[in-house]
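Novice: Sending over a structure as structure tokens; questions will come in a sec.
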Amino acid sequence: MSTRFLMCSAEYFSVDYVINPWMTGLIGKTLPALARKQWTDLYQTLNQMARVELIDPRPNLPDQVFTANAGLLHKNIFIPSRFRHRQRRLEEPWFLSWFESHKFEAVPIAEEIFFEGSGDALLQPGTDLLWMGYGFRTDLKARAFLEDRLPLRVLPLRLVDPRFYHLDVCFCPLLDGWAMYYPPAFDAESQRLLEAHIPPEKRIILSEEDARGFACNAVLIGKTLVMNQAGAGLQRALMDAGYRVEIVSVDEFIKAGGANKCLTMAIDDSESLLGSGWGRAA
Ligand code: ARG
């Protein structure tokens, strides 16, 4: 299986507005040269293990760098995001045209539903289970839409801590039914839903410190996790579970509330799907 990722360079990245708690007080406070260097480190790290595609960055779209929020990709189907905040809605047409021009079939979400793509929708690898975060950005109503359009079971998880406003900042599904997550980011019922699907020996529970360091926001490639930060205990737990941890610090982007995984969108084996007739003809 070939893994590809979509990224968008940090040329126009900055904190220009406040739409999550991480951005508070940081308008104009990012360091552009450092942000570009950190982005390039991540790009080069991923490009050694996978192929990274690029979408052109646009001026005045400072959060476009977070390609995880472009939409949700499943095989050749692309469900574009409808952002909750008007500042990010301006990104929608650019992401849509990239996916359409790369032969994905766009299935627009119903007009009245907010949905923030793979920031809030994560597939449990090797299963037909899609975890969907809701409460801050994505609407619970997105669940029925996704189940209707995709051959997946969608399990909704209610997010309750505004610092963890997207699912991919507090939950990271791993291989063979494992997952790492930060339980206090979820309401009690959602914690029970997680526990019902992930047996105790397959749970890697994060400390608040690791969660604040965006450890859940890890990019999974094979059995490597590329992450911003992980304390010694977490690194040991991941190694014991068979993972290799590669730390690539992207703390300039945490000023905007995103890290490694937010800066990427996985485009898994779509190339072979295109080759096998799933996609539309070129
Ligand atoms: N500033 C961006 C926002 O609030 C950060 C997005 C982070 N992306 C993610 N997939 N969690 O929308």
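Novice: Please name all residue pairs, on different chains or six or more residues apart, with Cβ atoms under 6 Å, provided the first residue is in the stretch 55-80 and is in contact (Cβ under 8 Å) with a residue 40 or more places away in the chain and within 14 Å of the ligand (Cβ to nearest atom) and the second residue is part of a strand (DSSP E or B) and of a type in the set (Val, Ile, Thr).
Specialist: GLY71/ILE79; LEU72/ILE79
Novice: Separate question: Out of (1) within 16 Å of the ligand (Cβ to nearest atom); (2) farther than 23 Å from ILE198 by Cα, the odd one out for VAL169 is which?
Specialist: (2) is the only condition that VAL169 fails.
Novice: Of all residues in the stretch 132-165, count the ones that are in contact with an Asp or Glu (Cβ under 9 Å, 6 or more places away or on another chain) and closer than 19 Å to ILE205 by Cβ.
Specialist: 5
Novice: Let me ask you something else. Taking the stretch 192-224, which residues are hydrophobic (A, V, I, L, M, F, W, C), touching a residue at least 24 places away in the same chain (Cβ under 8 Å), away from the ligand (no atom under 16 Å from the Cβ) and surrounded by 16 or more Cβ atoms within 10 Å (Cβ to Cβ)? Spell out how you get there, then give the answer.
Specialist: First pass over the stretch 192-224, keeping only residues hydrophobic (A, V, I, L, M, F, W, C): 193-194, 196, 198, 204-206, 211, 214-216, 218-221.
With the extra rule that they be touching a residue at least 24 places away in the same chain (Cβ under 8 Å), the set shrinks to 193-194, 204-206, 211, 214-216, 218-221.
With away from the ligand (no atom under 16 Å from the Cβ) added as a condition, the list becomes 193-194, 204-205, 221.
Matches in the stretch 192-224: LEU193, LEU194, ILE204, ILE221.
Novice: Does at least one position in the stretch 10-18 carry a residue that is free of Cβ contacts under 8 Å to residues at least 40 places away in the same chain and within 15 Å of the ligand (Cβ to nearest atom)?
Specialist: Yes - at least one qualifying residue is present in the stretch 10-18.
Novice: If we scan the stretch 82-97, do we find a residue that is modelled with pLDDT of 95 or more, crowded, with 20+ Cβ neighbours inside 10 Å and among the hydroxyl-bearing types (Ser, Thr, Tyr)?
Specialist: no
Novice: Working only within the stretch 100-141, note down all residues that are of a type in the set (S, T, N, Q) and within 16 Å of the ligand (Cβ to nearest atom). Talk me through it step by step, then tell me what you get.
Specialist: Quick first cut of the stretch 100-141, residues of a type in the set (S, T, N, Q) only: 101, 118, 124, 127, 138.
Scanning the stretch 100-141 gives SER118, THR138.
Novice: Test of understanding: among PRO184, PRO151, which residue is surrounded by fewer than 19 Cβ atoms within 10 Å (Cβ to Cβ) and over 28 Å from ASN76 (Cβ atoms)?
Specialist: PRO184
The values are calculated or read from the model by the stated rules, or taken from the named source; none is laboratory data. Bear in mind that the values here come from a model prediction, so they are computed numbers and not experimental data. So basically every Cβ, Gly included, is an ideal-geometry build from the backbone, and we count neighbours across all protein chains shown.
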